[in-house]
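**Q** This structure is in structure tokens; I'll ask about it shortly.
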Amino acid sequence: MFLSINGLAKSFGTNEVLKNIDVEVEKGEVLSIIGPSGSGKTTLLRCINALEHPDKGIFTFQDGFNLNFDNKISKQEILRLRRKSGMVFQSYNLFPHKTAFENVIEGPLIVQKRKKAEVKQLAENLLEKVGLKDKMNLYPYQLSGGQQQRVGIARALAMEPELMLFDEPTSALDPELIGEVLTVIRDLAKEDWTMVFVTHEIQFAGEVSDKVLFMDGGYIVEQGSPEEVLKSPKEKRTQQFLQRILNPS
Amino acid sequence: MFHLNNMLYTISANMEGWELFVNSLLPMISGAIKYTIPLTLISFVLGLLVALLTAMMRLSKSALIQAPAVIYVSAIRGTPLLVQLFIIFYGLPSLGLTIDPFPSAIIAFTLNVGAYASEIIRASILSISKGQWEAAFTIGMTKTTALKRIILPQAARVSVPPLSNSFISLVKDTSLASLILVAELFRKAQEIAARTYDFLLLYIEAALIYWVICFILSLAQTALEKRFDRYVAK
Ligand SMILES: Nc1ncnc2c1ncn2[C@@H]1O[C@H](COP(=O)(O)OP(=O)(O)OP(=O)(O)O)[C@@H](O)[C@H]1O
Ligand SMILES: [Mg+2]
């Protein structure tokens, strides 16, 4: 098991957003999370990346690193948790004052303090992989949404994290730009990256995932293989959600 | 006869006026170069450092760190600059602390710029979206690194126009230093006018020199804004 999360809870004021949930992620696995708006999907990803501070929960990693949020957590531990994973945002959040290339090298060069020549090579390879080598000297405002999101993916990959988190990476995109981003993610899935992927693209989730997890109201209602959860869901709430999203009327 | 006399008088007066104008140019420009410009530059640079520190303190979560910054900004903004200058130069000696005119002026203007610019810097930091902080955090940056590499460079762009305004105001405000005996541009004008009684001419001349300096600065502002705008959609 690459990562097990046990008893994760998070509230905003009196709003209990995650209610004691357990999640397990295998090494090299693609885990998709689906669920209605407000069910806590983003909050779960943000807890894994330490952008939110859980109220409760135990994170255990394969390499023995573990954090129990019942205890006081140091800044170092937060940083260590965060550096395990890379995050791709719904709204890209590229650095607007840096070119595509500069966005990608920023982490390895400034945070990891790797050698300039090495980082340059890495960034060029990554931008090539996401199909943007010819655009590497453009600023974000000069790129389409799909291109910006691909730079966002390359920026996260450049840190060589053990786990990649995607929060609805295509939902801010025009329909004709979704494909190019999904292609990149599909390639990563094939390369055995460990990924947690929040999405409304049910068909795509079925295609690339090893495991699908359905969340509603701060609970994990159902999880299993894509066939189990997407084709023959056991829970009524899952059935209703899929009904609504697959046959919008 | 009367007409001719009058005309001759006017011409000779104009000639004298022109001569006075040209002769005063050198002392006034030298006052500008020796005092007005250094006073402006030094106070502005030091003021920006004070402003950055003050802005950081105001953005801190701790009320204990915020409080001195809030009081400082409020006191400077709530009192006239001229009064602040007089307190430092004429007031402090009674506490046994005598400071020369030029350093007194530097202190007063630095404190002044520090207070006003801290509000500009704080507002421009707050104008950068939360997503930028988070993107910086997800690539492993600490708060300090994120501020230095991601937030401040973007905040700088936002704050160029208001900070340029402060800078140009400062150039003009340095004329107040004439009242604590700093031999800057306007004091030179006053000294010459006291001898020649040609107040209108000399004060207009001083005004023109300030105008030229500020005009050059506004060109620099435009160039700076252009440079920062390279990464935003037109
Ligand atoms: N910073 C915050 N402060 C207060 N409430 C928040 C905050 N972030 C999220 N919430 C609340 O937590 C709940 C879950 O939000 P979350 O963003 O995790 O949902 P989601 O499943 O990602 O929804 P969507 O599909 O719309 O993205 C919502 O009720 C939301 O209003
Ligand atoms: Mg969400």
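The values are calculated or read from the model by the stated rules, or taken from the named source; none is laboratory data. Bear in mind that the values here come from a model prediction, so they are computed numbers and not experimental data. FYI the Cβ positions are ideal-geometry reconstructions off the backbone, even for glycines, and counts take in every protein chain you see.
**Q** Just a yes or no: is a residue in the range B:107-120 of a type in the set (Phe, Trp, Tyr), at pLDDT 95 or above and over 30 Å from residue B:231 (Cβ atoms)?
**A** yes
**Q** Does any residue of the range A:30-51 turn out to be farther than 20 Å from residue B:144 by Cα and away from ligand 1 (no atom under 16 Å from the Cβ)?
**A** yes
**Q** Give me the pairs: first residue in the range B:58-81 and in contact (Cβ under 8 Å) with a residue 24 or more places away in the chain, second residue among the acidic types (Asp, Glu), beta-carbon distance under 7 Å, and six or more apart or on different chains, which are they?
**A** Close Cβ pairs (under 7 Å, with a partner that is among the acidic types (Asp, Glu)) amount to B:73/B:119; B:81/B:173.
**Q** In the range B:131-159, what count of residues is obtained for those that are more than 13 Å from every other protein chain (Cβ to nearest Cβ) and touching a residue at least 60 places away in the same chain (Cβ under 8 Å)?
**A** 0
**Q** While we're on this one: May I ask you to verify whether residue A:157 is buried (at least 21 other Cβ atoms within 10 Å of the Cβ), among the hydrophobic types (A, V, I, L, M, F, W, C) and more than 18 Å from the chain's Cα centre (by Cα)?
**A** When the stated conditions are applied, residue A:157 does not pass them.
**Q** Please give the helices (runs of 4 or more DSSP H) falling wholly within the range B:119-198 in which 2 or more residues are of a type in the set (Lys, Arg).
**A** B:152-173, B:185-196
**Q** Can you find a residue in the range A:136-146 that is among the hydroxyl-bearing types (Ser, Thr, Tyr), within 13 Å of chain B (Cβ to nearest Cβ), surrounded by 18 or more Cβ atoms within 10 Å (Cβ to Cβ) and out of contact with any Cys (no Cβ under 7 Å at 6 or more places or on another chain)?
**A** So far as the range A:136-146 goes, yes, one or more of its residues are among the hydroxyl-bearing types (Ser, Thr, Tyr), within 13 Å of chain B (Cβ to nearest Cβ), surrounded by 18 or more Cβ atoms within 10 Å (Cβ to Cβ) and out of contact with any Cys (no Cβ under 7 Å at 6 or more places or on another chain).
**Q** Moving on. Scan the range A:53-76 for residues that are farther than 11 Å from residue A:9 by Cα and in a strand (DSSP E or B) and report the count.
**A** So the answer is 6.
**Q** If you don't mind, there's one more thing I want to ask. From (1) at pLDDT 95 or above; (2) within 22 Å of the chain's Cα centre (by Cα), pick out the condition that doesn't hold for residue B:149.
**A** Of the numbered conditions (1) at pLDDT 95 or above; (2) within 22 Å of the chain's Cα centre (by Cα), the odd one out for residue B:149 is (2).
**Q** To continue, here is another question. Condition first: small (Gly, Ala, Ser) and without any contact (Cβ under 8 Å) to a residue 40 or more places away in the chain. Now tell me which residues in the range A:69-106 satisfy that.
**A** A:74
**Q** Within the range A:86-130, which residues are more than 8 Å from every other protein chain (Cβ to nearest Cβ), under 20 Å from the mean Cα position of the chain (by Cα) and not in a helix (DSSP H, G or I)?
**A** Within the range A:86-130, A:88, A:90, A:92, A:130 qualify.
**Q** Of these, A:13, A:7, A:35, A:28, which one is within 17 Å of the chain's Cα centre (by Cα) and surrounded by fewer than 20 Cβ atoms within 10 Å (Cβ to Cβ)?
**A** A:28
**Q** Going through the range A:27-52 one residue at a time, which ones are within 11 Å of ligand 2 (Cβ to nearest atom), touching a residue at least 24 places away in the same chain (Cβ under 8 Å) and part of a loop (DSSP other than H, G, I, E, B)?
**A** Matches in the range A:27-52: A:35, A:36, A:39, A:40.
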